[in-house]
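Working notes, structure below.
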Amino acid sequence: MPKPSPATLNRALEHHRAGRLAAAAALYREIIQADPHQANALNLLGLITRDEGDPARAADLFSRAIAADPTVASFRLNRGLTLRTLGRVTGALDDFRSARRLDPTLAEAHHQEGNALKLLHRFPEAIAALRQSVQLVPAFAPAWLNLGVACLENKDRGEAIHAFRQAIALEPARPEAHNILGVALLACGQIQSARAAFTAALRLDPRHAPALDNLGRLAKSAGLLDEAVRHFRAALAVKPNPDSHSNLLLALNYLPDLAPAEVFAEHRRWHRLYAAPLAPAAPLPQKSPPADRRLRIGYVSPDFCHHAVAYFIAPVLAAHDRTRVEIFCYLNLPAPDRVTERLRSLAEHWRDITRMDDDTAAAQIRADGLDLLVDLAGHTAGHRLLLFARRPAPVQATWIGYPNTTGLDAIDCRLTDAICDPPGETDSFYSEKLVRLPANFSCYEPDPTAPEVNPLPAPAPGAVTFGCFNNFAKVTPEVIALWTRLLCALPKSRLLLKSRGLGDSSVAERVLSAFAAAGVAPDRVTLNGQELSVADHLGLYHGVDIALDPFPYNGTTTTCEALWMGVPVITLAGHCHAARVGASLLTHTGLGEWIAPSPDAYLSLAVAAANDLPRLTKLRQALREQVRRSPLCDAVTFTRTLEAVFARISLPP
């Protein structure tokens, strides 16, 4: 057969440009039949084939085009895009890099190389590639957006904000660009600027659910809980989404007047909408482990990193008896850090499921043959509850990461203690069976960089400094109202609040105004919104005499840190787990007298303590050693107990 003339290819191109794809494809096939090595026709037919929804066939055509002419960068680029569609990201990355080497000026090759590296969570490399792309074509908004996302994932927030603003300047009508700018600003604690960005997204699209969800997150971080709940519900009204719904559930834990039954009902609604449809027809049978095999325990978490959860899981991983249990850790974390590496060294089996979808991750867990799978996140960011909904293990539990029920039928047990959940009082508000550990529900490992305890800073009776370093969402108007009463009762006393949300001027002004309205001068309340190293953060306790626990959502890590720094904590014991964690921690460190049963008792305890500096001085000198010797820091005893509980709940009923 004679080779096709250039005129045939030109006619095919005319059809292609005019959108007459069937005619163009027919001519491309005619050309290829006459000359199977006609690279341009193979490539162009590949583009049509991919657009028609057959990426596997398209990839084959691009491969034939590359074989016919390996010097054309665009052929590699096209195949890379197609391989990425097929989920073959590593192969796509190889093609994008080949295209970039063939034509270093091809900005889209750098752009797509960066996107592939981003998918692989190789963020520093992605940033380098995307920077090159925007240098070559500065007017291409998508590349700026992707650069910003990579920087945000890599915690390079300043560059992320710059990149998002560049994208918006080029294409101001993209609501998603304004929304992601808001995310970066919120991560930096710039609450008012973030609010403006989310509002701009909603002006462009009033039903832009991500911006509504993010306004909820912003309001929660600023302590505006009613507003947060409204925004989360508005986002869900636009489009039901498990992550937005989890954000709503987390926010409900902070509300002081919401009935536990109502909170439980909303958790069950999450289960019905997203988890129940995923239940397998035949769950894995629960069997007793063979006598010659160790119990296989798996932990799933997005927080195997510098995060509060790490202070409670690290000592357990280190103390597990490897003659009795075999430990699997399942990481869901885009950007690991040095803490991640330490935790990895404590696990026998480490599985990174970050890039796995739930079905793939469930298959991996089933292949590992676990006896028990433990969720460490609940409804906090990065959870994998829909993985648990698929029942990859015969017994599943939840522990430490979230102060409430998951709401899932697929999670059998929740680990707690009798102080956080008094028997018979809270059981009906959990979908899981409560398994109460005989002592404390968790074990704490102090940070090795913590500074030494200093002498009591108070110079005279009544001149103490109270402090609270909790997430500011926990500092509700009811909490501020009680603290203003305290400061008014002790006119020389001061208050130090440390939380990232307080770095925003509008939040700081609102807080100081609330105290001023009750007669507390602004110079008596110090607000610190800085992001500090762990050592510097803990060093702030050198200026605190007594820590104040918020309510109804108590502190956990912050309470442990205060006690470790020699600072006693006053807590108000409430009626649900989140409101009783402080009582548990203080009980198990020998400080039960610092637990208040009512707001008035909380106030009386604080006033009495502030007026007894000898008592505070003595306690400050002894408290670290008291905590060190307490059940809270006895990792070996705690973990042996935990293992015995794990063995019991893993047995068939």
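Tabulated data
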item: Scan of the stretch 289-342 for residues that are among the polar types (S, T, N, Q) and within 16 Å of the chain's Cα centre (by Cα), ordered by number; result: Ser301, Asn332, Thr340
item: Any hit, the stretch 288-295, residues being in a loop (DSSP other than H, G, I, E, B), modelled with pLDDT under 95, closer than 30 Å to Trp350 by Cα and in contact with a helix residue (DSSP H, G or I) (Cβ under 9 Å, 6 or more places away or on another chain); result: yes
item: Listing of helices (runs of 4 or more DSSP H) fully contained in the stretch 468-569 that carry 2 or more residues being polar (S, T, N, Q); result: 505-517, 557-564
item: Members of the stretch 121-137 found to be basic (Lys, Arg) and within 25 Å of the chain's Cα centre (by Cα), listed by number; result: Arg122
item: Single condition Thr571 does not satisfy, out of (1) surrounded by fewer than 23 Cβ atoms within 10 Å (Cβ to Cβ); (2) farther than 17 Å from Val464 by Cα; (3) at pLDDT 95 or above; (4) over 24 Å from the mean Cα position of the chain (by Cα); result: (1)
item: Index of the failed condition, Ala318 passing every other in (1) buried (at least 17 other Cβ atoms within 10 Å of the Cβ); (2) among the small types (Gly, Ala, Ser); (3) over 30 Å from Lys239 (Cα atoms); result: (1)
item: Enumerated helices (runs of 4 or more DSSP H) restricted to the stretch 1-87, each holding at least 3 residues that are farther than 20 Å from Leu106 by Cβ; result: 6-17, 21-34, 39-51, 55-68
item: Count - residues of the stretch 177-216 that are buried (at least 24 other Cβ atoms within 10 Å of the Cβ) and more than 17 Å from Ile161 (Cα to Cα); result: 4
item: Residue ID - nearest to the chain's Cα centre (by Cα), chosen from residues in the stretch 357-376 that are outside any helix (DSSP H, G or I) and surrounded by fewer than 18 Cβ atoms within 10 Å (Cβ to Cβ); result: Asp357
item: Selection count, the stretch 496-510, where residues are buried (at least 22 other Cβ atoms within 10 Å of the Cβ) and touching a strand residue (DSSP E or B) at 6+ places or on another chain (Cβ under 7 Å); result: 2
item: Out of His121, His162, sole residue that is in a loop (DSSP other than H, G, I, E, B) and not aliphatic (A, V, I, L, M); result: His121
item: Hits in the stretch 310-324 (condition: under 15 Å from Leu642 (Cβ atoms) and assigned to a loop (DSSP other than H, G, I, E, B)); result: His320, Asp321, Arg322, Arg324
item: Top-ranked residue of the stretch 189-235 - restricted to ones that are in contact with a Gly (Cβ under 6 Å, 6 or more places away or on another chain) and outside any helix (DSSP H, G or I), ranked as modelled with the lowest pLDDT; result: Gly189
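The values are calculated or read from the model by the stated rules, or taken from the named source; none is laboratory data. Since we're looking at a predicted model, the values are computed, not measured. No Cβ is skipped: glycine too gets one built from the backbone with ideal geometry, and neighbour counts run over all protein chains shown.
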